[in-house]
1. Are there any pairs with C-beta distances below 7 angstrom linking a residue in region 15-37 that is without any contact (Cβ under 8 Å) to a residue 12 or more places away in the chain to a residue that is surrounded by 13 or more Cβ atoms within 10 Å (Cβ to Cβ) and among the small types (Gly, Ala, Ser), with the two at least 6 apart or on different chains, and if so which?
2. Out of everything in region 45-63 that is surrounded by fewer than 18 Cβ atoms within 10 Å (Cβ to Cβ) and among the small types (Gly, Ala, Ser), what residue ends up being modelled with the highest pLDDT?
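The values are calculated or read from the model by the stated rules, or taken from the named source; none is laboratory data. This is a predicted model, so every value here is computed, not measured. Here the Cβ is made from the backbone with ideal geometry for all residues, glycine too, and neighbour counts use every protein chain on show.
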Amino acid sequence: MKDNHNIKTNYDTLLMDQIDLAKMDWDEAKYSERAMTESNYDGRLIQAQTALAKQKFFYYYREARRRKVHGRIQRSVMTIN
């Protein structure tokens, strides 16, 4: 039984790390999208990358909620724009 708890704990830790990384990727994509928009660049690819980063973040976030993962969450994750 202890092995199952360790596996869950390790997976939960990895999931929280993925949430942090996905949020950083999403923030970076939003920043790039804004920069491209300001330069009158046709940013459809950038917009698609931003949408993908957003969906990745929300996938991980929903998975953590479904699994009832508790732990540290970056402040940036708590302020979802």
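1. These pairs meet every condition: 36/43; 37/43.
2. 51
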